[in-house]
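Each remark here refers to the structure printed beneath this line.
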Amino acid sequence: MTDESLSFTLRPAETHEDLLAACEVRAQAYGHHDPAFGSQLAAPDAIDSSPWTHVYLCEDKISGRVVGTMRAQATSLNGTQLQIDRYVELPASYRGCARAEMTRLAAVRGADPFVRLALFKAAYLFCIEQGVGLLMIGARKPSLVRAYEQLGARDIHADGRLVQLGYAGDLPHRVLGLDVATVENDWRDSNHALLDFMTGTRHADIRVSVERRLRNVVEAVV
């Protein structure tokens, strides 16, 4: 395994100020095309506060500015519903599977092109850490759908139907799933161009573990 340094660091949000910084990036990124929806993302919501949700930040090493963010919510084995569960009826083959959902992925204009890819890698590693078998993603733009498909995600429903997601501007989205257990083998079998980045490279700048955040929460409660 090789080591690689990035122009930014990626870590879990650990304070309310971190969440506000993530929300600022969300509002800017989504508000560029839909100002009304962007304004709705300017403050943390109930999902951000859930103990089963982890928000990640990318911070530029030179300026310290937050340049990207993403959040991952896991069902794990605790019975917690994902946001997307209110809108999507899972096929029988996915029921009973520990699942996670990646949402609010955003980057500022001019950010390092690797920011979004690093956030996807963080979501993948988060799933492995949490024992998740299926990562669910709602995507609206055709270019984004293609990008996720190239990474190995597939439509949850065979007919590729569109689903209106109330927490995503109530707009129609394709609902994709990444099989966390098999995707690395798929990447190897296809000699995927991003295989080395995803599994063959150690990025010390990417910290996925949520132990420090959870410890802070416990200390605050005590």
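The values are calculated or read from the model by the stated rules, or taken from the named source; none is laboratory data. This one's a predicted model, so the numbers in the text were calculated from it and none came from an experiment. Note that we place each Cβ from the backbone using ideal geometry, even for glycine, and neighbour counts take in every protein chain shown. Ligands, DNA and RNA are excluded from the accessible area calculation, which covers all protein heavy atoms including side chains. Shrake-Rupley method; radii C 1.70, N 1.55, O 1.52, S 1.80 Å.
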Task: Residue-normalised accessible area of the chain, given per residue in Å² at a 1.4 Å probe - done: 50
- [ ] Would you mind calculating the gained length between ASP170 and ASP3 on full extension (0.36 nm times residue separation, minus the Cα-Cα distance), in nm to one decimal?
- [x] 56.0 nm
Task: Whole-percent carbon and sulfur share, accessible surface of the chain, 1.4 Å - done: 52
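Given only helices, namely DSSP H runs of n ≥ 4 each adding -39500 (n - 2.57), what is the per-residue ellipticity at 222 nm of the chain, to the nearest 500 deg cm²/dmol? Write down the numbers at each step before the final one.
Numbers: 7 runs with 70 residues, N = 222.
Calculated mean residue ellipticity at 222 nm is -9500 deg cm²/dmol.
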Task: ILE206 long-range amide H proximity, modeled H, under 5 Å - done: LEU10
TODO: May I ask for the distance between the Cα centers of region 80-98 and region 1-74, given as a whole number of Å?
DONE: 25
- [ ] Go ahead and set up a Gaussian network model of the chain, Cα springs under 10 Å, then flag whichever of ASP159, ASP186, ASP60 fluctuates most.
- [x] ASP159
- [ ] Report ³J(HN,Hα) in whole Hz for each residue of region 89-95, in order, from the Karplus equation J = 6.51 cos²θ - 1.76 cosθ + 1.60 where θ = phi - 60°; Gly and Pro get x.
- [x] 8, 6, x, 3, 5, 9, 6
TODO: Pick out which of ALA147, ALA27, ALA123 has the largest mean-square fluctuation in a Gaussian network model of the chain, springs linking Cα atoms closer than 10 Å.
DONE: ALA147
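What does the net charge come to around GLY160 if you take all other residues with beta carbon closer than 10 Å to its beta carbon, with K and R at +1 and D and E at -1? Could you put the intermediate results ahead of the total?
Working: positive: ARG154, ARG161, ARG174; negative: ASP155, ASP159.
Residues near GLY160 contribute +1 overall.
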Open item on the list: I'd like the trypsin sites (Lys or Arg not before Pro) in region 23-103 restricted to DSSP loop residues with at most 16 other Cβ atoms within 10 Å, sorted by number.
Closed with: LYS61, ARG65, ARG95
- [ ] Could you run the Karplus curve 6.51 cos²θ - 1.76 cosθ + 1.60 with θ = phi - 60° over region 65-73 and give me ³J(HN,Hα) per residue in whole Hz, x for Gly and Pro?
- [x] 6, 6, 10, x, 7, 6, 10, 10, 10
TODO: Give the label of the value calculated from the structure for Cα extents along the principal axes in Å, choosing from (i) 52, 34, 32; (ii) 52, 41, 32; (iii) 44, 42, 40.
DONE: (iii)
Task: Hz values of 3J(HN,Hα) by residue in region 104-111 - Karplus curve (6.51, -1.76, 1.60), Gly and Pro given as x - done: 6, 6, 8, 9, 6, 5, x, 5
